[in-house]
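Worksheet: the structure to be examined is printed underneath.
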Amino acid sequence: MTQYLTLEFTAMVTGFALMIIGLWGLLTRKNLIKIVIGFAIFDTGLNISIISMSYLKNRTAPIIDKSIDASNTINLFVDPIPQALVLTSIVIGVGVTALMLAYVLRMFREKKSLDINSYTDLKW
Amino acid sequence: MVDKILIAAGILMILGIFLSLYRFIKGPDVSNRVISFDVMTVISVSVIALIAHFAGRIIYLDVALVYALLSFVSVVVIARYIERGL
Amino acid sequence: MIKNGLIFLVLVGFTVILSGLLINFHGSEQLNPLAGHYVQNGASEVGAANLVTAVVVTYRGFDTLGEVTILFITAAIVGFFLKARKEDENRERSLRKTSEILSTASTLLVPTIFMLGVYIFMNGHLTPGGGFQGGAVIATGMVMIIMSRPEVKFDHGIIAWIESTSGVGYVIIGVLGIFLAAGFLDNHVLPIGKFGTILSAGVIPLIYVLIGLKVGSELTNIIGSLKETQNEL
Amino acid sequence: MEGIKIAGAIITLVGAIFIFLGGLGLVRMPDLFNRIQAGTKASTLGTILSLIGLAMVNEGWIWKLLIIIVFVLITNPVSSNMIARAAHHRGEKLTGQTLTDMLEEETDNSKEMEDEL
Amino acid sequence: MMNMILALSFELIILVLAIIAIHNKSLKIAIIATGVIGLFASVLYLLLAAPDVAMTEASIGSGLTTIIFFYVLNKIRKTND
Amino acid sequence: MNIRNIVNLFVLLFLIWLMLTGTLEPVSIAVGLLLAAGLSIAFGKNSMVFGKLRFTPKMFYYTFLYLVVFGWELIKSNFKVALLVINPKLPINPGIIKVKTKLKSPMGRMILANSVTLTPGTLTIDIIGDTFYIHWIDVKTLDPEEAGREIIGKFEKYLEVIYG
């Protein structure tokens, strides 16, 4: 039991649960903006699970300052590579969200409706 | 000794966040939820400072500064939306 | 009905895949070899105290260039889709006025916010900051200006000029790295300097200033086009 | 030295108690304006006290904590004022115990506006 | 131990808010809930020793996303004045 | 273009830079001076509120007095509202009243409104002309004069000296 009660494991569970909740919203909601919100939640869950993979027990952030012994960094720091990855992923995420919202506005201009069932032009 | 007192303080802050979460779930309309959002972020600033103390890193405090600033601007945008000024 | 069943099946399948991943997840005790190399030699090779910055700007600098390009394309598409509305003065006048407290406080807050943004991207190699965060803070300052004076219009020409100039500057610094140092986007174009001071780590502060200006102007552009597009309904 | 640290920790604890009372006020008060009064104000003082306490516990953190305190002191009243103003403009219901509303007379256009979004 | 308590509470809060964000009928409430998820996720990143990511999430993922959502919502709401 | 305006903004921004970096290295100070100069020239002409400040010894003395009074009021009224919250009967008596202010400068009015908002028990809702509309959790009087003395009188006399 106690082996599962660690910071990285619970954060991983949270990230996966957020991904499932986001997917649920993405698939079941009818409102276009709700679908974009589901996407944003999915994105956050994904980022949380990647970061929880980079965490190592009892270590600290990879930034050298006065409170850190600079010769022993390999035993003090967590993994910096997933952090750099997620940093860029968040910025891309906001760009994609803005793009989706611009599409939503454009679609709304055509049909004056936010319900996804009224867009049947390409449905088969 | 110091750390024990600070752990008690942290638990009280978490309870405060849970109480405002109750208001967020219950709150009859949007304005009440925005108030709850505001209170949660103000409490979180001191939680971040507490985390910085337990980690022993001064650099974490920069995050608290950005956090306070961005939530303030979000609240102002939401308020302007509510009063139709956006 | 069939559709709901399919959605349920997709969610259950996703849950099964994720729980399979979760069971095999063990927190590791040691850094893997690549991360170990970055952590051990990052400070001496690059000269940046913040190793995440070292990875973002130098070791994986090419990815960052691509990412900034993606953000630029996104801002361009948003601006293309949302054309500016026709001039209707009536709507501007029907908006509720800003409160006096906000407009007075913003004269105090806006310079402070800009100073904070500049601090964040100038100190990206020493503190948890950098171009992306600083750019977002600068865009927030622009939002604050709109909030306090709704009638203000951004000059898209100046924003586009800042954006393209900083983008070109970023690429030029990268190309200079080929001639003056070991390769594209190498940071030894300028001397490394004393570890832990503001003007150290080669060209990392310069690159982060350029990224900050570029990201800030792109996000400002997105918000500006969302503000100035026509009202539906 | 140790005494100053313990005093700082106790100040942080007092701040945490104020934060908790702010949350309690947010739950118990009957309408929006009273919730702002009890909630955001108490938690602002609580945050300031706990940051001061942490500045006493960790030497060398004072300047950065001080700038956070100044920032919270400037921004927090502005944001709660904005929410209160917007809600009053929308025609937020006041609690039955309210004695008087002198702003109601000034704003004649405080019609109830419904929107379904 | 403190970190564990804080992390568990924030994870619980994030999950509750995610369910509110998907389940609630009102779009405004869903957007505010998404913003709060971003803010608490940034505290969680800080607990997982990633201050850079925490700062990015607080500034971009939470703040600017909320602002963009509200601008879009402002464009498509029914104006009755 | 007001020179005093730009200089005041420059001093403010440079102090913020010093507090943020927390070092006294010459290079850092030089960078901070450059940045503060650039930003204050860029924003100086839009924000006319700083030009009113005059740095005299009297002003510093009154600022100090104001901070002491404000801190004392903050703590006192916080305890009052905290006792209200934990009281099971919740004996509140709220209402929105109006008070008139004598202050003219925008900065002084903003600081007055923020001080009123920060002390629990009173909350500025709107400012129309010279009138502050204040939500008071425990209304004692409906008369604007008396309410003004009760709520803003203690702050106003210091701010009047500081901001003229």
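Quick note: the coordinates plus some simple rules give every number you see, no bench work behind them. Everything numeric here is computed off the predicted structure, so don't read it as measured data. Neighbour counts are summed over all protein chains in view; Cβ atoms, including those assigned to glycine, are modelled from backbone coordinates with ideal geometry.
Provide the per-residue ³J(HN,Hα) series for the range D:44-51, in order, calculated from phi with Karplus coefficients 6.51, -1.76, 1.60 and θ = phi - 60°, each as a whole number of Hz, with x at glycine and proline positions.
Values per residue, Gly and Pro as x: 5, 4, x, 5, 4, 5, 6, 5 Hz.
With a/c under 1.5 counting as rounded, go ahead and sort the range F:83-162 into rounded, prolate or oblate using the C-alpha gyration tensor (a ≥ b ≥ c being the square roots of the eigenvalues; past the cut-off, prolate if a/b is larger than b/c, else oblate).
It comes out prolate by the Cα gyration axes.
Considering only DSSP beta bridges where both residues belong to the range F:57-163, give the percentage that are antiparallel (nearest 5).
About 90 percent, rounded to the nearest 5.
Enter the angle in degrees (range 0 to 90, nearest 10) between the Cα long axis of helix A:80-111 and the first principal axis of the Cα atoms of chain A, meaning the one along which they spread out most.
Around 10 degrees separate the two axes.
For chain B, find the longest principal axis of its Cα atoms and tell me its angle to the long axis of helix B:30-55, 0 to 90°, nearest 10.
The helix B:30-55 is inclined about 20 degrees to chain B.
Mind listing the long-range amide H neighbours of F:ILE125? Cut-off is under 5 Å, sequence gap 5 or more, other chains count too, H placed in the peptide plane at 1.01 Å from N.
F:TYR133, F:ILE134, F:HIS135
May I have the convex hull volume per residue, in Å³, for the Cα set of the range E:2-76? Walk me through the numbers on the way to the answer.
Numbers: hull volume 4.8 nm³, N = 75.
Hull volume over Cα atoms, normalised by residue count, gives 64 Å³.
Between the range C:145-187 and the range B:59-82, how far is it from one alpha carbon centroid to the other, in angstrom?
Value for the Cα centre distance between the two parts: 26 Å.
Neighbour counts of other C-beta atoms within 10 Å: give me B:ILE51, C:ILE158 arranged from fewest to most.
Ranked by crowding around the Cβ, least crowded first: C:ILE158, B:ILE51.
Fewest to most neighbouring Cβ within 10 Å: what's the order for E:SER59, F:SER77, A:SER49, E:SER42?
Details: E:SER59 32, F:SER77 18, A:SER49 25, E:SER42 29.
Ranking E:SER59, F:SER77, A:SER49, E:SER42 by Cβ neighbours within 10 Å, fewest first, gives F:SER77, A:SER49, E:SER42, E:SER59.
Counting only other residues whose beta carbon sits under 14 Å from that of C:ILE73, what net charge do I get with K and R as +1, D and E as -1?
Local net charge: -2.
Place a +1 charge on the Cβ of each Lys and Arg in the range A:28-119 and a -1 charge on the Cβ of each Asp and Glu, then give the dipole magnitude about the Cα centre in debye, rounded to the nearest 20.
Taking the Cα centre of the range A:28-119 as origin, the dipole is about 540 debye.
Please report the Cα spread of chain C along all three principal axes, rounded to whole Å, starting with the longest.
Result, largest extent first: 64, 60, 35 Å.
With labels modelled as points extended 7 Å from the Cα through the Cβ direction, what inter-label distance (nm, one decimal) is found for F:THR131 paired with C:LYS3?
5.5
Report, in cubic angstrom per residue, the convex hull volume of the C-alpha atoms of the range F:3-52.
Normalising the Cα hull of the range F:3-52 by residue number yields 64 Å³.
Which angle between 0 and 90 degrees, to the nearest 10, do you get for helix F:26-44 versus the longest principal axis of chain F when only C-alpha atoms count?
60
Quick check for me: using +1 on Lys/Arg Cβ and -1 on Asp/Glu Cβ, what's the dipole size of chain C about its Cα centre, in debye to the nearest 20? Show your work: numbers first, answer last.
On the way: 14 positive and 16 negative charges, 84 e Å.
That gives chain C a dipole magnitude of about 400 debye.
Of all DSSP beta bridges located in the protein assembly as shown, what percent are antiparallel, nearest 5? Let's see the in-between values first.
Numbers: 15 of 18 bridges.
Of the beta bridges lying entirely in the protein assembly as shown, close to 85 percent run antiparallel.
When the dipole is taken about the Cα centre of the protein assembly as shown, and only Lys, Arg (+1) and Asp, Glu (-1) are charged at their Cβ, what size is it in debye, to the nearest 20?
For this selection, approximately 1020 debye.
Would you mind getting the Kirkwood hydrodynamic radius of chain F from its Cα pairs, rounded to one decimal in Å? Show your work: numbers first, answer last.
Details: mean 1/r = 0.0547 Å⁻¹.
For chain F, the Kirkwood estimate is 18.3 Å.
Among F:THR21, F:ASN5, F:ILE137, which residue has its Cα furthest toward the positive end of the charge dipole of chain F, with +1 on Lys/Arg Cβ and -1 on Asp/Glu Cβ?
F:ASN5
Across chain B, how large is the tail of the calculated P(r) beyond 20 Å, expressed as a percent of all Cα pairs?
Tail of P(r) above 20 Å: 45 percent of Cα pairs.
Taking all pairs of distinct Cα atoms, average 1/r, flip it, and tell me the Kirkwood hydrodynamic radius of the protein assembly as shown in Å to one decimal place.
About 27.2 Å, per the Kirkwood formula over Cα pairs.
With Rg and the Kirkwood Rh both taken from Cα atoms, where does Rg over Rh land for the range D:2-92?
1.10
Taking the simple approach of a point 7 Å from Cα along Cα-to-Cβ for both F:ASN87 and C:GLU29, what is their distance in nm?
6.1
If I model a spin label at F:THR141 and F:LYS102 as a point 7 Å from the Cα along the Cα→Cβ vector, what separation in nanometres do I get?
1.6
Hey, any idea what the orientation-averaged projected area of the convex hull of chain A's Cα atoms comes to, in nm²?
Mean orientational projected area (chain A, Cα hull): 10.9 nm².
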